[in-house]
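See structure below.
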Amino acid sequence: MPFSEQARERAREIIARYPEGRQRSALLPLLHLVQSEQGYVSPEGIEFCAEQLGLTKAEVGAVATFYTMYKRKPTGDWLVSVCTNTMCGVLGGERTYQALSEYLGVGHDETTADGKITLEHAECLAACDYAPVLTVNYEFFDKMQAEDALTLVKQLQAGERPHPTRGARLCTLKEMSLQLAGFADERDGAVGEGPAGEATLAGARLAERYGISVAGFDPDTPISRKETPPQPESPGNVAPPTTPKPAVDAKPARDTHPGGVA
Amino acid sequence: MVTAPSQEALAKLTPVLTKRWLSPDAWRLDVYERLDGYRALRKALSVHPDDLIQLVKDSGLRGRGGAGFPTGMKWGFIPQNDGKPHYLVVNADEGEPGTCKDLPLMMADPHSLIEGVIIASYAIRCNRAFIYIRGEAVHAARRLRNAVAEAYRAGYLGRNILGSGFDLDIVVHSGAGAYICGEETALLDSLEGFRGQPRLRPPFPATHGLYSCPTVVNNVETIATVPYIVLGGAQWFRSMGTEKSPGPKIYSISGRVNNPGQYECSLGITLRQLIELAGGMQPGHELKFWTPGGSSTPMLTAEHMDAPLDFEGMAGVGTMLGTTAVQVFSQQDDVVYATYRWIKFYHHESCGKCTPCREGNYWMEQILHRILAGKGTHEDLDTLLDACDNLLGRSFCALGDGATSPVTSSIKYFKQDYLDYIEGRKAPTMSPAELVGAH
Ligand SMILES: Cc1cc2nc3c(=O)[nH]c(=O)nc-3n(C[C@H](O)[C@H](O)[C@H](O)COP(=O)(O)O)c2cc1C
Ligand code: SF4
Ligand code: FES
């Protein structure tokens with residue numbers, strides 16, 4: 001078995017995060033853990049997860065193939081994901097993707113012959129105010145026109161580690177997968193790296209510049225009470241004495257798309 | 001040229017959730033505490049949980065994840081004394097194209113979310129909360145995990161929080177790249193370790209959610225708003241926004257404006273005012289089309305610049321407020337291409353569970369591509385609208401409904417742009433070789 005005792009120990013830690021009898025919830029983090037060891041979800045990785053959770057390999061495989069971030073082939077050290085969704089796409093992301101694809105000689109979800117760089121296009125990365133964006137091992141590089149992206153990739157090829165625009169200094173994809181499995185980033189100071197970008201702060205800065213704040217805010221405004229407060233010394237979490245009628249007949253509206261109302 | 005905003009537009013700014021973002025180290029517990037952090041929690045723990053639910057009902061807070069469901073009512077649906085564990089699941093899967101507010105919030109001010117989670121959990125009597133964060137969002141997840149660890153060390157999480165007798169554990173759970181997992185029931189399946197596919201409703205998560213137990217699913221911004229309501233009160237909260245859509249809201253404006261970014265404003269601000277706040281349109285760009293709340297909300301035009309960006313105002317012009325992801329496009333942008341690219345997205349992200357969405361998006365993508373490649377016909381437009389008819393209201397979940405938005409709204413407002421391709425007035429902009437994306 002390729003999985004070390006350390007990996008098994010980590011797997012136990014992951015499983016322990018979820019309630020008794022609900023171990024299956026650990027499957028996504030376990031698959032990230034597998035990628036932290038192997039760089040992709042290998043057949044042994046599937047077996048490893050199945051074994052940890054008492055599932056069949058087919059059950060694990062069905063889940064692994066559903067999610068974009070689980071890779072089915074070995075990946076490079078650097079996963080370069082270029083957003084080509086509409087906003088980034090029209091602002092230059094489409095050209096960025098094509099320039100990188102041409103330069104690296106690989107297409108979507110392919111890795112360069114030296115095994116260093118995997119290229120993919122990505123869907124909206126929730127950073128449209130910095131469009132066009134790309135990520136390297138999921139860390140953001142903002143406003144990446146084709147030329148900027150080519151420079152960046154050449155730096156990676158030369159063994160440099162350019163610093164992301166927001167977020168922490170780069171680590172390898174395997175190292176990142178360990179964080180995705182829910183483990184803390186142990187690198188000294190990494191949590192603090194990456195100031196908020198200007199676009200993030202644009203509204204708050206404008207308000208500050210014009211001295212705007214919301215009037216009438218009194219943090220001591222009393223909360224009106226109909227119920228008696230729970231006894232502080234009551235031993236944990238039992239439901240308080242007075243509770244409303246269960247709203248079993250309550251029918252929330254059919255969930256609508258992010259847009260809302262049906 | 002960046003233009004100065006008018007007084008009217010400036011008056012719409014409501015720095016509440018975003019104010020602390022200006023303090024670069026607010027992600028650290030000690031800084032957060034200096035800036036009023038965990039003050040709302042102490043106050044909340046001193047009252048009965050039902051009083052908190054009532055407070056949130058009184059505030060009129062509506063969900064910030066897109067659908068605008070009243071938050072206090074959602075909390076009130078959780079049955080009490082039912083002997084089952086209750087769960088709070090925070091939806092941090094931010095993936096609706098255009099939306100970019102939740103990740104910066106968790107990056108700049110993660111403790112405000114955690115404080116909101118603790119208060120909400122106390123209110124619904126939940127002892128275990130999950131934050132399901134989009135996998136790709138590693139920068140925000142790193143801050144969030146760190147903040148959770150800090151909160152445990154300081155006694156804000158764990159057993160007997162601040163001596164109240166209340167216990168809470170929070171697990172930060174990273175997804176793995178699937179837009180559909182933002183849909184709340186797909187999210188629950190994913191969190192249980194399955195493929196992220198939506199569930200049949202009823203039963204609703206309020207009674208049969210995570211592990212078949214009563215569950216509240218709320219968006220990041222919704223939960224992060226709660227501490228401010230606890231501090232300032234319902235009346236103060238209602239001093240912002242409109243009667244039916246009260247409070248401040250983080251608008252994400254992107255595209256052809258001078259200063260794209262996050263602008264927290266009174267609900268009901270107009271696009272005209274938002275664009276002013278964002279420094280005006282970029283030189284040489286004139287507004288052509290825009291989305292009020294992500295790609296799943298029907299697009300609007302320059303005619304709609306004065307419609308209030310709140311739930312009612314957007315319904316009034318045939319669209320939806322969605323996630324307030326305002327994407328601004330100009331006459332230099334191709335609305336047919338934009339629609340094509342969004343449909344490619346929906347096709348890629350369709351979970352495949354139901355036929356109208358799985359097949360409909362596949363075919364719509366092919367047809368839009370054909371039009372862009374100069375091979376479209378007049379019938380193609382009818383076929384697109386037919387496909388939308390078969391999708392809207394017939395799909396298993398709202399992803400399918402959302403996919404019809406860009407298609408029907410672009411044909412409604414910009415049919416001429418389609419006809420220009422179809423009738424050869426506009427040169428093809430794509431060839432099959434240029435296909436990237438869906439696979
Ligand atoms: C396809 C799809 C994607 C969604 N993505 C998200 C998302 O990323 N974040 C979110 O909070 N809500 C998302 N939603 C809405 C959720 O289903 C749900 O309504 C929301 O999380 C409820 O929280 P709220 O009441 O606080 O808004 C999505 C819905 C659909 C149909
Ligand atoms: S509408 Fe699309 S995403 Fe939703 S269940 Fe059907 S196939 Fe899946
Ligand atoms: S479209 Fe690229 S980050 Fe949103």
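From the list A:Glu59, A:Glu44, A:Glu37, A:Glu13, exactly one residue is in a helix (DSSP H, G or I) and within 19 Å of B:Arg128 (Cβ to Cβ). Which is it? Step through it out loud before you land on a result.
Values: A:Glu59 fails: within 19 Å of B:Arg128 (Cβ to Cβ); A:Glu44 fails: within 19 Å of B:Arg128 (Cβ to Cβ); A:Glu37 fails: within 19 Å of B:Arg128 (Cβ to Cβ).
Of A:Glu59, A:Glu44, A:Glu37, A:Glu13, the one residue that is in a helix (DSSP H, G or I) and within 19 Å of B:Arg128 (Cβ to Cβ) is A:Glu13.
May I ask you to verify whether B:Tyr362 is closer than 30 Å to B:Arg272 by Cβ, part of a helix (DSSP H, G or I) and either within 16 Å of ligand 3 (Cβ to nearest atom) or in contact (Cβ under 8 Å) with a residue 12 or more places away in the chain (or both)? First the steps, then the outcome.
On the way: closer than 30 Å to B:Arg272 by Cβ: no; part of a helix (DSSP H, G or I): yes; either within 16 Å of ligand 3 (Cβ to nearest atom) or in contact (Cβ under 8 Å) with a residue 12 or more places away in the chain (or both): yes.
No: the conditions fail for B:Tyr362.
Output the number of the condition that B:Gly318 fails; it satisfies all remaining conditions of (1) away from ligand 1 (no atom under 16 Å from the Cβ); (2) closer than 23 Å to A:Glu123 by Cα; (3) outside any helix (DSSP H, G or I).
Failed condition: (2).
For the stretch B:236-249, which positions are at the interface with chain A (Cβ under 8 Å from one of its Cβ atoms) and either open to solvent by 10 Å² or more (accessible area, probe 1.4 Å) or within 16 Å of ligand 3 (Cβ to nearest atom) (or both)? Steps first, please.
Initial filter on the stretch B:236-249 (at the interface with chain A (Cβ under 8 Å from one of its Cβ atoms)): B:236, B:239-240, B:248.
Matches in the stretch B:236-249: B:Trp236, B:Ser239.
Select from the stretch A:81-90 the residues that are among the hydrophobic types (A, V, I, L, M, F, W, C) and buried (at least 24 other Cβ atoms within 10 Å of the Cβ) and list them in ascending order. Give the derivation first.
Our first condition is that a residue be among the hydrophobic types (A, V, I, L, M, F, W, C); within the stretch A:81-90, this holds for A:82-83, A:87-88, A:90.
Scanning the stretch A:81-90 gives A:Val82, A:Cys83, A:Met87, A:Cys88.
Among the residues of the stretch B:341-386, write down those that are within 14 Å of ligand 2 (Cβ to nearest atom), among the small types (Gly, Ala, Ser) and farther than 18 Å from B:Cys181 by Cα.
Scanning the stretch B:341-386 gives a single hit, B:Gly360.
Of the residues A:Gly159, A:Gly115, A:Gly105, which single one is away from ligand 2 (no atom under 16 Å from the Cβ), of a type in the set (Gly, Ala, Ser) and touching a Gly at 6+ places or on another chain (Cβ under 6 Å)? Don't jump to the end; show me each part of the working.
Values: A:Gly159 fails: touching a Gly at 6+ places or on another chain (Cβ under 6 Å); A:Gly105 fails: touching a Gly at 6+ places or on another chain (Cβ under 6 Å).
None of the others qualify; the one that does is A:Gly115.
Which one is surrounded by the most Cβ atoms within 10 Å (Cβ to Cβ), of the residues in the stretch B:75-98 that are within 7 Å of ligand 1 (Cβ to nearest atom) and at the interface with chain A (Cβ under 7 Å from one of its Cβ atoms)?
Taking the candidates together, the pick is B:Glu94.
Assuming A:Thr68 fulfils every condition listed in (1) within 16 Å of ligand 3 (Cβ to nearest atom); (2) surrounded by fewer than 23 Cβ atoms within 10 Å (Cβ to Cβ); (3) not assigned by TED's automatic domain parsing to the domain that holds A:Glu37 apart from one, which condition is it?
(3)
Restricting to the stretch B:186-201, name every residue that is open to solvent by 10 Å² or more (accessible area, probe 1.4 Å) and more than 16 Å from ligand 2 (Cβ to nearest atom).
Looking only at the stretch B:186-201, we keep the residues that are open to solvent by 10 Å² or more (accessible area, probe 1.4 Å), and these are B:189, B:192, B:194-195, B:197, B:199-201.
Result: B:Glu192, single match.
When the stretch B:260-285 is examined, which residues are found to be among the hydroxyl-bearing types (Ser, Thr, Tyr), within 16 Å of B:Gln327 (Cα to Cα) and within 11 Å of another protein chain (Cβ to nearest Cβ)?
First pass over the stretch B:260-285, keeping only residues among the hydroxyl-bearing types (Ser, Thr, Tyr): B:263, B:266, B:270.
In the following step, the residues that additionally are within 16 Å of B:Gln327 (Cα to Cα) were identified as B:263, B:270.
The answer is B:Tyr263, and nothing else.
Identify all residues within the stretch A:130-145 that are open to solvent by 10 Å² or more (accessible area, probe 1.4 Å) and either within 11 Å of ligand 3 (Cβ to nearest atom) or charged (D, E, K, R) (or both); write none if there are none.
A:Tyr130, A:Ala131, A:Asp142, A:Lys143, A:Met144 - these are the residues of the stretch A:130-145 that are open to solvent by 10 Å² or more (accessible area, probe 1.4 Å) and either within 11 Å of ligand 3 (Cβ to nearest atom) or charged (D, E, K, R) (or both).
When A:Thr200 is evaluated against the numbered criteria (1) in a helix (DSSP H, G or I); (2) away from chain B (no Cβ under 11 Å), which criterion, by number, is the only one it fails?
If we test A:Thr200 against (1) in a helix (DSSP H, G or I); (2) away from chain B (no Cβ under 11 Å), just (2) comes out false.
Which condition from (1) open to solvent by 20 Å² or more (accessible area, probe 1.4 Å); (2) within 17 Å of B:Tyr156 (Cα to Cα) is the one that B:Gly37 breaks?
The single condition B:Gly37 does not satisfy is (1).
Go over the candidates B:Ile114, B:Ile78, B:Ile119 one by one and state the one that is outside any helix (DSSP H, G or I) and modelled with pLDDT of 95 or more. Don't jump to the end; show me each part of the working.
Numbers: B:Ile114 fails: outside any helix (DSSP H, G or I); B:Ile119 fails: outside any helix (DSSP H, G or I).
Answer to the check: B:Ile78.
When you scan the stretch B:328-356, how many residues do you find that are open to solvent by less than 10 Å² (accessible area, probe 1.4 Å) and within 16 Å of ligand 1 (Cβ to nearest atom)?
Residues that pass the stated criteria total 5.
Out of (1) more than 16 Å from ligand 1 (Cβ to nearest atom); (2) free of Cβ contacts under 8 Å to residues at least 60 places away in the same chain; (3) within 14 Å of chain A (Cβ to nearest Cβ), the odd one out for B:Ala387 is which?
(3)
Among the residues of the stretch A:99-117, is any open to solvent by 10 Å² or more (accessible area, probe 1.4 Å), closer than 16 Å to A:Thr84 by Cβ and within 14 Å of ligand 3 (Cβ to nearest atom)?
No: zero hits.
In the set B:Val230, B:Val172, B:Val257, which member is touching a residue at least 40 places away in the same chain (Cβ under 8 Å), surrounded by 21 or more Cβ atoms within 10 Å (Cβ to Cβ) and more than 8 Å from chain A (Cβ to nearest Cβ)?
Criteria check complete, one pass: B:Val257.
The values are calculated or read from the model by the stated rules, or taken from the named source; none is laboratory data. Not measured: the values here are computed from a predicted model. Heads up, the Cβs are rebuilt from the backbone with ideal geometry, glycines too, and the neighbour counts pull from every protein chain shown. Please note that ligands, DNA and RNA were not included when accessible areas were found on the heavy atoms of the full protein model with its side chains. Shrake-Rupley method; radii C 1.70, N 1.55, O 1.52, S 1.80 Å.
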